[in-house]
Amino acid sequence: MTLYDVDLPTAEEIDIAALKEKYALERNRRMRQEGQAQYVKPVDDFAYTYEGDPYTPLAPREPVARDIEVVILGGGWSGIVTGIQLRKAGIDDFCNIDHAGDFGGVWYWNRYPGLQCDNDAYCYLPLLEETGFMPSKKFTDGWEIREYAQDLCRRYGLYDNALFHTLVESITWDEKLKRYHVKTRQGDDIRARHLIVANGLLNIPKLPGIPGIHGFKGHMFHTARWDYDYTGGSQKNPVLDKLADKKVAIVGTGATAIQLVPFLGKYAKHLYVIQRTPSCVDTRRNSETDPAWAASLQPGWQAARRANFHRGANERYLDREEDQIVDIWTEVNHRLTEEFNADGYYPDMAEYAQRRDVMDFRVMERLRRRVDAIVQDPETAEQLKPYYRYQCKRPTSNDNYYETFNRPNVSLVDVSETQGLQQLTEHGFIANGEEFDCDCIIFASGYEVTSDLDRRWGFEEFTGRNGLSMYDNWAGGYKTLHGVMTHGFPNLYLVGLNQGGLNSTLTQNFETQAEHIAFIIGELQRRGAVAGEVTEAAQNAYVQHLRDTEIDRTEWIRECTPSYFNNEGQPDVDENGNERYRFYLGEVYGPGWDAFVALLENWRFKGGLEGLELEMDEASIAEIA
């Protein structure tokens, strides 16, 4: 199989200075001053977009009122691996709470046609060696991921106490009980000694606040709540035969749309693809898992593959290390390493960074030339070209996306000049001053990722000691110890990309955090502590250490086109007037993933729970005395 269907240009073939100017121009004309306010919350007549469940019938139940040792908020990968780590640590009195009808998180909700893992499934799916499971292909199907996740939950007993179709409304710390009250719309009052927030990065869908959105009389839905009753077909058999007489518009051209558009183009009477910013789309190079390859794998293969992927995607390969992944995620470092190997030397970091910067422009130019090689209409091809730095938008791959624009029933509607659709009407939409009729509008508009915390989490109230609001606590930026605990909120733990190491395999981040959290909870139990809280001094020291050592990405984030990656390009301003851009990966530990893991391991090895202040129960105090 040919790795690349379009040749990589040399550095001499491209004008980097001119491209930087072009990138800035394309960014600026897509900027909207209202930032995240351009999106509306899924409430009122759009509440179904978040609260509704088209997949699992709602089963009535009595409200739950009980004490419990640990509550895990979330039933996606972060909540699942957290539950598994608690089991492994011998902590069994816990429950997962999720508003979905089952485990799976984003893989429960997303069932749109063409859904696949968009990075290496042999890395992404956790615990493959432990379970003996092997994905059926490199970019495996969404339904297979969901089924594997649910099999893991059965294997580790996570269903035993789980509460599904349960919407958390408030979380409050009870100083007398030394517990969190977790209250839900279903009338529950669950009193948790420890609370783990593991509700994922892709939790609450967002909708563009287009004028007239409430007046459209056709059918509308978000891709995270796919309506097969309307389109026909199913996730495993995506024959969308009910669209044969329908004009359909899809709003958004991110990673979801790249997978979905070929199916809509194939089955709809006419498809309008509404694009503000194009994605970069490489050839897919997907392949079924070779049984002989799987049988040849040695113990430790998944950890080694994950480490190789991480170095290829976000750090650098070791001297003479081969790329095991070979896809859009590793191409920049893959190409660069090939050139250094050909030259016979391993450069220092300064030279590597300079050459990597140039390779970034070369790879993006290759991807733009790929558009020209496939899309027949020159105007459409030009509009589909990505003019920004590599990873300013999520890199994607698909073997049918660009080809779909050669179909006579597919139209690209570029709305970059107006930064989005101008209006919805009763019977369609207005773009660039022209009205288009359509029967159905599908929103591939993403999730609340870098927006304000209350929009991301959706809890009406979240308070710690002395009524401190979590939303106020983090209003000026993250404040944590190791990315998992924060001062003012005893016994609270956070799984996600906040302040810590970054691994290119998202699930490995979650597993590492969950292991750390399970250790802390286990130690508090062993010592008879009813509460453990990060001291403000320890938190400040960690945050200062992280910021002293982090790689300054400000210029790169500022130059990226607006998206959820950078909070629509809008910076926060601190009390000193300094701008700080939000990044979807949080504040990343500068020395790298391995150094961060070592930091956590050393902290645990010392055994003193350094930086935590413990409150003991009376029985433990008497025993010590």
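The values are calculated or read from the model by the stated rules, or taken from the named source; none is laboratory data. Treat the numbers as computed from the prediction; the structure is a model and nothing was measured. Neighbour counts run over all protein chains shown; Cβ positions are idealised from the backbone, glycine included. With ligands, DNA and RNA removed, areas are computed over all heavy atoms of the protein, side chains included. Shrake-Rupley method; radii C 1.70, N 1.55, O 1.52, S 1.80 Å.
Structural remarks
- Three principal axis lengths of the range 430-526 [C-alpha, angstrom, descending]: 66, 35, 22
- Per residue convex hull volume, Cα atoms of the range 357-514, in Å³: 195
- Solvent-accessible surface of protein heavy atoms, probed at 1.4 angstrom with all chains present, puts ASP151, ASP572, ASP7 in the order ASP7, ASP151, ASP572, largest first.
- Two-site FRET efficiency, TYR345 against GLU321, from Cβ-Cβ distance with R₀ of 22 Å, rounded to 0.05: 0.90
- Remark: accessible surface ordering of ILE374, ILE551 (largest first) is ILE551, ILE374, probe radius 1.4 Å.
- Computed label-point distance, nm, for sites ASP399 and ASP93 using a 7 Å Cα→Cβ extension: 5.4
- Solvent accessible area, Å² - TYR390, 1.4 Å probe, full protein context: 10
- Counting only protein heavy atoms and a 1.4 Å probe, the chain has 41 square angstrom of accessible area per residue.
- Remark on TYR447: its backbone amide H falls under 5 Å from those of LYS206, a criterion applied only to residues 5 or more positions apart or on other chains, H modelled at 1.01 Å from N.
- Cα gyration tensor shape for the range 183-299, rounded if a/c is under 1.5, else prolate or oblate: oblate
- Full-stretch length increase - THR10, MET616 - with 0.36 nm per residue and alpha-carbon distance subtracted: 211.6 nm
- The translational diffusion coefficient of the range 496-602, from Stokes-Einstein at 20 °C and 1.002 mPa s with a Kirkwood hydrodynamic radius over alpha carbon pairs, comes to 136 µm²/s.
- Across the chain, the longest piece that holds none of the trypsin sites (Lys or Arg not before Pro) lying in DSSP loops with up to 11 other C-beta atoms within 10 Å covers 321-625.
- Heavy-atom accessible area with a 1.4 Å probe sorts GLU615, GLU288, largest first, into GLU288, GLU615.
- Applying the Karplus relation 6.51 cos²θ - 1.76 cosθ + 1.60 with θ = phi - 60° to the range 278-289 yields 3J(HN,Hα) values of x, 8, 8, 10, 9, 5, 6, 6, 6, 8, 6, 5 Hz, where x marks Gly and Pro.
- Mean separation of Cα contacts under 8 Å (6+ apart) over length of the range 29-155, as relative contact order %: 21
- The chain: relative contact order as a whole-number percent, Cα under 8 Å and 6+ apart: 19
- Computed 3J(HN,Hα) for the range 165-171, one whole-Hz value per residue from the Karplus formula 6.51 cos²θ - 1.76 cosθ + 1.60 where θ = phi - 60°, is 6, 10, 9, 6, 9, 8, 10, glycine and proline marked x.
- Only lysine pairs 8 or more places apart, or on different chains, with alpha-carbon atoms under 21 angstrom apart are counted in the range 207-332, and they number 11.
- The chain: C-alpha pair distances exceeding 35 Å, %: 41
- Note on HIS219 and TRP143: the extension gain reaches 24.8 nm, defined as 0.36 nm multiplied by sequence separation minus the Cα-Cα distance.
- With the simple model of a label 7 Å out from the Cα in the direction of the Cβ, ALA595 to ARG155 spans 3.5 nm.
- For the range 600-618, the residues whose backbone nitrogen is under 20 Å from a point 7 Å from the Cα of GLU130, taken along Cα to Cβ, are 600-602, 604-605.
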